[in-house]
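Q: Have a look at this one before I ask anything.
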Amino acid sequence: AKGQGRNNFQFFTEAMNQQVSERLLMETRLRDALGRDELELYYQPQYDVSSNCLTGCEALLRWNSSQGLVMPDRFIPLAEETGLIIPIGAWVLQQACNQAREWDRIHGKPLSMAVNVSAVQFRPELVDEVKAALSESGFPADQLVLEVTESVLMSDVEGSVSLLHQLRELGVRIALDDFGTGYASLAYLKRFALDKLKIDRTFIMGIPDDEDDVAITSSIIDIARHLRLKTVAEGVETEAHCEFLRRAGCHIAQGYFYARPLPASEFELKLK
Ligand code: C2E
Ligand code: CA
Ligand code: CA
Ligand code: CA
């Protein structure tokens, strides 16, 4: 039994060592990704639910690494742990604003550009990073939407209230991402200076058959209306999702039913 225990332990440490070195390797590659121009933004179109008009998009990060295309769920956590999300996040902001400014000229109507902001980025310096991205690009502040999650705001309520006010003073819009999945109480919706609620994909998935998802989604839309917040539904995959959202009074929808996240050249084809 003793011998076997040692073997197990050896096996365990070898597996751990392999995990650690894979992580280190990925960290080194991610560190170089910016300089090597391997990061790319994809853009997922957002549509007005009642008119079906394009209203803007959400920027979603991709990493064209030497190992192939890497999705954000696989490298954003590492970027956050290593602090690399700070330069990467600043690049995302600048790139998204530059792109949106260009598309704004092509498209007749003003387009919104939504950018995801990580917990690590959500600190006082973010105000200067946003200011820089806006002034260097010339993109109008009121068309830029910063997406933050409940957990980001709840980890430091007082700090968040103040930071959100500073950001709103720049004129940018704030969307609460993945709404309903975190633990922000409704009372905080009033305290945080918000413009939009993004209804999480997990609720949309159950529509129209799951009674709970139907009830939750309708309630979120009702609450948002009363608080004068816009609603954005994510993960809209079917005609039935659309039909339900239209009747429930949701403003904006985003999902595979309309379009997947697209490389810039493909998104551009949707502009008029
Ligand atoms: P998220 O902000 O909730 O983004 C929505 C995710 O849902 C995206 O995954 C999108 O591709 C996916 N999606 C969109 N429509 C549908 C649909 O109809 N059905 C299904 N099943 N999925 C849909 P993606 O691009 O893999 O991004 C994953 C997460 O990574 C994002 O979740 C966001 O939290 C994070 N992320 C992406 N880009 C950035 C970034 O630039 N900065 C930061 N900090 N985080 C980012
Ligand atoms: Ca988002
Ligand atoms: Ca989301
Ligand atoms: Ca989500």
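The values are calculated or read from the model by the stated rules, or taken from the named source; none is laboratory data. Note that this is a predicted model, so its numbers are computed, not measured. Quick reminder, even Gly has a Cβ in these numbers, built from the backbone with ideal geometry, and neighbours come from all protein chains shown. These area figures cover heavy atoms from the full protein model, side chains too; ligands, DNA and RNA do not enter into them. Shrake-Rupley method; radii C 1.70, N 1.55, O 1.52, S 1.80 Å.
Q: Hey, got the dipole for the chain? About the Cα centre, +1 on K and R Cβ, -1 on D and E Cβ, debye to the nearest 20?
A: Here the size comes out at about 280 debye.
Q: Another question about this same structure. Rounding to the nearest 10 and keeping the result within 0 to 90°, find how far the Cα-based axis of helix 211-226 lies from the longest principal axis of the chain.
A: Once rounded, one gets 60 degrees.
Q: If you take the beta carbon distance between residue 20 and residue 91 as r and set R0 to 25 Å, what does 1/(1 + (r/R0)^6) give as a FRET efficiency, to the nearest 0.05?
A: 0.35
Q: Report the net charge of residues surrounding residue 233, where surrounding means a beta-carbon distance below 13 angstrom and charges are Lys +1, Arg +1, Asp -1, Glu -1.
A: Neighbourhood net charge equals -3.
Q: Suppose a student asked you for the relative contact order of the chain, using Cα pairs under 8 Å spaced at least 6 residues apart; what percent would you report?
A: Over the chain, the number comes to 18 percent.
Q: Between the helical axis of 2-33 and the dominant principal axis of the chain, each derived from Cα atoms, what acute angle in degrees is found, rounded to the nearest 10?
A: Helix 2-33 sits roughly 50 degrees off the main axis of the chain.
Q: In addition: How far is helix 85-106 tilted, in degrees, relative to the longest principal axis of the Cα atoms in the chain, given as a value from 0 to 90 rounded to the nearest 10?
A: Once rounded, one gets 30 degrees.
Q: According to a simple spin-label model (label point 7 Å from Cα along Cα-to-Cβ), what is the distance in nm between residue 64 and residue 257?
A: 3.3 nm
Q: Want the number for residue 151 to residue 209: 0.36 nm per residue separation, take away the alpha-carbon distance, what's left?
A: So the extension gain works out to 18.0 nm.
Q: How much length is gained on full extension from residue 264 to residue 187, taking 0.36 nm per residue of separation minus their Cα-Cα distance?
A: That pair, residue 264 and residue 187, stretches by 23.8 nm at full extension.
Q: Here is a follow-up. Can you give me the C-alpha center-to-center distance between the stretch 188-231 and the stretch 44-63, rounded to a whole angstrom?
A: 18 Å
Q: If ligands, DNA and RNA are left out, what is the accessible area of residue 200 with a 1.4 Å probe, given in Å² to the nearest 10?
A: Its heavy atoms expose roughly 20 Å² to the probe.
Q: A further question on this structure: For the pair residue 161/residue 71, report the inter-label distance in nm, with labels modelled 7 Å from Cα in the Cβ direction.
A: 3.8 nm
Q: Would you check the accessible area of residue 188, probe 1.4 Å, heavy atoms only, in square angstrom rounded to 10?
A: My reading of the accessible area for residue 188 is about 60 Å².
Q: Please list 16, 205 in order of solvent-accessible area, largest first, computed with a 1.4 Å probe with all protein chains present.
A: Descending accessible area places them as 205, 16.
Q: Still on this structure, please answer the following. Which whole-number percent is the relative contact order of the stretch 120-272 (Cα, under 8 Å, 6+ apart)?
A: The normalised contact order for the stretch 120-272 reaches 16 percent.
Q: How do 62, 36 stack up against each other in accessible area, from largest to smallest, with a 1.4 angstrom probe?
A: Largest to smallest exposure gives the sequence 36, 62.
Q: Continuing with the same structure: Please report, as a whole percent, how much of the solvent-accessible surface of the chain comes from carbon and sulfur atoms (probe radius 1.4 Å).
A: In the chain, the share of accessible area belonging to carbon and sulfur is 51 percent.
Q: Right, next: Multiply the residue separation of residue 50 and residue 195 by 0.36 nm, subtract the distance between their alpha-carbon atoms, and state the gained length in nm to one decimal.
A: 50.3 nm
Q: Take residue 123 and residue 243, extend 7 Å from each Cα along the Cα→Cβ direction, and tell me the distance between the two endpoints in nm.
A: For residue 123 paired with residue 243, the spin-label model returns 5.0 nm.
Q: Decide, for the stretch 175-272, between rounded, prolate and oblate: order the square roots of the alpha carbon gyration tensor eigenvalues as a ≥ b ≥ c, take rounded if a/c falls under 1.5, and otherwise choose prolate if a/b is larger than b/c, else oblate.
A: The shape class here is oblate.
Q: At a probe radius of 1.4 Å, what is the per-residue accessible area of residue 223, in Å² to the nearest 10?
A: 50 Å²
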